[in-house]
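Engineer: Just dropping this structure here.
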Amino acid sequence: MRKAQADIISAVLIIIMGLGLVSVAYTWGIPLIQKRSDTTVVERTFKTFDANNERSLPKIMQFISNHGGEDVASLDTKGIWFLYPNNSATPENNSLQFSFQSKVSNLAVGQGWIPLSSGNTNPIGTLGFDDSYVVFGRADTAPGGYNITYKVWFRKLNETTTNKIYEIDLAPLQVSGPLISSGKTVRVSRGDVNEKQNLITTEIKILLG
């Protein structure tokens with residue numbers, strides 16, 4: 001009888017210990033797995049905007065502006081695209097942004113826009129020295145983690161020898177096309193190239209998928 005009671009007590013203790021281990025694994029393991037998963041998402045998303053990546057969105061847009069044609073950038077991250085055409089009356093004028101939520105951040109939180117591609121963020125750069133774009137990133141606190149946003153902003157470039165100004169103008173492909181989208185693709189194509197006095201503008205058409 002005592003042996004049977006001891007066996008029952010042992011079985012109960014094993015079950016209790018097992019439940020405790022499961023609880024610990026759930027409490028610590030699941031958040032750790034989630035953070036690792038989010039870290040991968042953040043790294044993959046940043047690569048889409050990384051100026052050192054030849055297939056990044058800013059590189060694609062710059063190539064299309066110089067050579068024409070059409071290309072598509074894809075991003076398999078759940079988030080929202082924002083297009084601010086060059087004629088938009090907003091501080092985000094002439095930029096394309098992507099915003100998503102994550103439990104981890106690769107950016108300093110609460111510091112506003114941080115330049116990621118160049119330290120020179122002047123509205124007019126120098127042709128031959130500066131890129132036509134500047135990539136920014138920002139991280140803000142949000143419920144359960146952070147809201148991370150990457151931005152490609154296009155500025156004017158001055159050619160010092162001729163005093164000509166070059167600019168890439170962002171515009172929606174369709175007049176009534178979406179300026180906000182939760183889609184996975186960005187279609188980039190070149191529109192009109194115009195020269196007025198010393199200003200040369202190249203229109204880049206954007207279609208958010």
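Nothing in this text is a laboratory measurement; each read-out follows from the coordinates by a stated rule. These numbers come from a predicted model, not from an experiment. Every residue, glycine as well, gets a Cβ built from its backbone with ideal geometry; the counts of neighbours run over all protein chains shown.
Engineer: Express the relative contact order of the range 94-209 as a whole percentage, based on alpha carbon pairs under 8 Å and six or more residues apart in sequence.
Structural biologist: 24
Engineer: So, one more: Does the range 39-208 classify as rounded, prolate or oblate by the C-alpha gyration tensor (a ≥ b ≥ c root eigenvalues; a/c under 1.5 gives rounded; else a/b over b/c gives prolate, otherwise oblate)?
Structural biologist: Details: a/c = 1.95, a/b = 1.51, b/c = 1.29.
Cα axes put the range 39-208 in the prolate bin.
Engineer: Excluding Ser99 itself, what net charge comes from residues whose Cβ is under 10 Å from its Cβ, given Lys and Arg +1 and Asp and Glu -1?
Structural biologist: +1
Engineer: Residue by residue, what Karplus-based ³J(HN,Hα) values in Hz, rounded to whole numbers, does the range 69-86 have, using 6.51, -1.76 and 1.60 with θ = phi - 60° and x for Gly and Pro?
Structural biologist: x, 8, 8, 10, 9, 10, 9, 8, 10, 6, x, 10, 8, 10, 10, 10, x, 5
Engineer: When only DSSP loop residues count, what GluC sites (Glu not before Pro) in the range 31-93 have their Cβ near at most 13 other Cβ atoms within 10 Å?
Structural biologist: Glu54
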